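Okay, structure first, notes after.
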Amino acid sequence: MRKLGVAAMVAAMIGVAGLQGASADQPRRGWDHFSFGVPWEDSYGYSQAIRAGDTVYISGQLSHDAAGNFIGEGDFGLQVRTSLANLDKVLAHYRIPRSQIISVKIYTKDLPKNFDTAARLHKEYFGRHRPTDTIVGVVDLAFPQQLVEIEAVALVSPRS
């Protein structure tokens, strides 16, 4: 068998199978996109969540109100609670209980200072449910006053 370079192999696969999914200008058929309508969704070009089959992929939630105004500058606990409340709004759209969340990622500035608060509020939010979780310390997030961002993956029943 002849060795192909990576670019040649990708080109050959596209030639045989065609490009998968929709073009960048069209949403993929069968996927349900959800947005809050806040300004950065359109300017950045993303959805708050996408349901693909029985899985909902939820973008990092942050601390903002319905109009997109930031909430809780300097208050890590309030930012976590508001981010989780926004996560609840996404779950409500898809009629998913918290117990269907299977994975969580928390990105936080100043992790050593904020870890215990994040852990306490995570446990408070989930109760006895224990999704997988990763917490990552970061230098910066999208907005200067932002201290935390929380993303998740959830399962939904096919009839939801």
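Per-structure values
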quantity: Complete set of residues in segment 108-160 that are within 17 Å of ILE96 (Cβ to Cβ), surrounded by fewer than 17 Cβ atoms within 10 Å (Cβ to Cβ) and under 15 Å from the mean Cα position of the chain (by Cα); calculated: PRO131, THR132, LEU155
quantity: Residues that are more than 22 Å from VAL153 (Cα to Cα) and either under 14 Å from the mean Cα position of the chain (by Cα) or aromatic (Phe, Trp, Tyr) (or both), drawn from segment 72-86; calculated: PHE76
quantity: Within segment 133-160, considering residues that are at pLDDT 95 or above and charged (D, E, K, R), the one nearest to ILE50 (Cα to Cα); calculated: GLU151
quantity: In segment 64-92, the residues that are part of a loop (DSSP other than H, G, I, E, B), surrounded by 15 or more Cβ atoms within 10 Å (Cβ to Cβ) and either in contact with an Asp or Glu (Cβ under 7 Å, 6 or more places away or on another chain) or aliphatic (A, V, I, L, M) (or both); calculated: ILE71
quantity: Among the residues listed as TYR57, TYR46, the single one being closer than 30 Å to PRO112 by Cα, outside any helix (DSSP H, G or I), at pLDDT 70 or above and of a type outside the set (Lys, Arg); calculated: TYR57
quantity: Of all residues making up segment 94-105, the number that are farther than 13 Å from ALA152 by Cβ and in a helix (DSSP H, G or I); calculated: 0
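The values are calculated or read from the model by the stated rules, or taken from the named source; none is laboratory data. In this text the structure is predicted, and so the values were computed from the model without any measurement. FYI the Cβ positions are ideal-geometry reconstructions off the backbone, even for glycines, and counts take in every protein chain you see.
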